[in-house]
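Below is one structure, written out as structure tokens; the observations come after it.
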Amino acid sequence: MGKKVDVIFVSKRRNFLYNTKISLNLFAVVSLIILCVIVATALLSFSNAKAFLVGINIRKCEQEHRILVSELDSLFVLLRNVHSDFENHIARDKRERTFWQLAHIHPDIWSMGIGGADINMNNGVLSVHTNRVLNDIYKSIDVLKGKCYLRETSLRDIERQMENNLYLWAHIPSINPVPGKTVGSGFGYRVDPINKKIRMHGVLILEPPEVPQFTQLLMVLSPT
């Protein structure tokens, strides 16, 4: 006959006391079942707590994502306004290059960016809208960098043209050597009337016939 184990059931609430004997094998099976139930309950509680924490993190990430999308939209609108304001600089650059007799920069060149490494943001982590806004911001900044580079280059060209013109203007007389008003030819290279060679000549001022011959002789003289 197998060994038996005394099992006592006690209930203090109802003042209940019951004693029975069960076999050792049955006691082991019942104990194992109770232990499995306790372990399953603990694992279920841990899983529920983990799911609860994950849900909190998801809600936090969704809130941060909404804030990020709002800030990205604001940044894109700001960049669009910067591009609109930069049109004034482009118009000013066109006027300056016209005044200094420089070729205009084509509008298509203004709209070109610097280029460089292409950033692939379609990694599945961000939403489609966020990826689109990020790509638009990257392209807008790239075009804005290209515009700034072109404007800087254009200003250097204008500065060099100013220096060249100032050097030229410094060698042009500021007053007429004779009281004439009609300019026969401007300052620069032309065919010399004496030796028929191309030389640098000054400004030729035409005078009426009554001007003394000595004055007319001075007019054909040119700086060399």
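The values are calculated or read from the model by the stated rules, or taken from the named source; none is laboratory data. Keep in mind it's a predicted model, so treat the numbers as computed, not measured. Neighbour counts run over all protein chains shown; Cβ positions are idealised from the backbone, glycine included.
General remarks:
- Residue match in segment 65-72 (condition: closer than 30 Å to Asn164 by Cα, exposed (fewer than 11 other Cβ atoms within 10 Å of the Cβ), at pLDDT below 90 and not aromatic (Phe, Trp, Tyr)): no
- Among (1) closer than 23 Å to Met112 by Cα; (2) under 17 Å from the mean Cα position of the chain (by Cα) - the single one Arg92 does not satisfy: (2)
- Unmet requirement for Lys50, which otherwise passes all of (1) modelled with pLDDT of 90 or more; (2) more than 29 Å from Ser127 (Cβ to Cβ): (2)
- Residue list for segment 140-154, restricted to those being closer than 12 Å to His83 by Cα and not acidic (Asp, Glu): Ser140, Ile141, Val143, Leu144, Lys145, Gly146, Lys147, Cys148
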